[in-house]
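Contents: one structure, followed by commentary.
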Amino acid sequence: MAEPGSGLATDDQKRRARELGVHFSDEISSRALDMLIAARCRELDPPPDWLVHVSERLGIGNRYSTRRELYHLVEAELMMSGREVELLVWFLYGVSRYMSGEAWDGPDSSGIPTATMEKLARRLAREAWVMQSLKRYLPGTLYRFGGLYGRTDTLAFRVAARLLQDKLGISERHKARGR
């Protein structure tokens with residue numbers, strides 16, 4: 001069996017491509033089939049423009065990155081030491097989106113100024129126990145909550161929700177709607 005990236009595509013690659021509905025020649029190279037698979041995945045799970053903008057600003061991802069991949073990459077990048085305030089801003093926007101039950105696409109559509117979120121994030125960043133709780137989340141679970149996404153029963157989530165409620169008046173409409 002050929003190694004990915006050298007020579008002909010592997011049987012595993014071909015199986016994955018067929019599952020995705022990608023059409024290809026039996027003589028396709030491994031590298032070419034990888035590109036077709038990536039393009040199809042991007043087509044099936046395209047990232048919103050705001051998420052592409054964030055990933056570009058952070059210098060991560062590429063033109064084939066899916067929505068899911070970009071969430072993971074952004075959050076992994078922000079979880080690195082020294083980016084606590086940026087991580088908390090990202091988290092606060094996600095918590096506010098969940099609490100309000102609003103389906104706004106990205107932070108820019110939230111109506112909450114970035115400067116306001118940065119002020120709240122700096123306040124939370126001073127609390128080591130909040131940061132410890134936040135670092136327990138896995139990349140890809142810090143912006144979207146409930147179900148398969150981030151947990152809402154952590155200390156970091158509860159403290160962020162309380163701060164957003166007290167300082168911005170964001171109420172927990174999400175629970176009220178039964179979601």
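Laboratory data are not the source of any read-out in this text; all were calculated from the coordinates shown. Just so it is clear, the model here is predicted, and its values are computed rather than measured. FYI the Cβ positions are ideal-geometry reconstructions off the backbone, even for glycines, and counts take in every protein chain you see.
Taking 17 Å as the straight-line reach from the Cα of residue 14, the aspartates and glutamates in range (excluding those fewer than 8 positions away in the same chain) are 3, 26, 27, 34. Here the extension length gained between residue 49 and residue 24 equals 6.1 nm, from 0.36 nm per residue of separation less the Cα-Cα distance.
Note on residue 152/residue 108: beta-carbon distance plugged into 1/(1 + (r/R0)^6) with R0 of 30 Å gives a FRET efficiency of 0.80.
Converting the Cα gyration tensor eigenvalues of the range 10-78 into ellipsoid dimensions via √(5λ) gives semi-axes, longest first, of 27, 11, 9 Å. According to the Kirkwood relation over distinct C-alpha pairs, the hydrodynamic radius of the chain is 18.1 Å.
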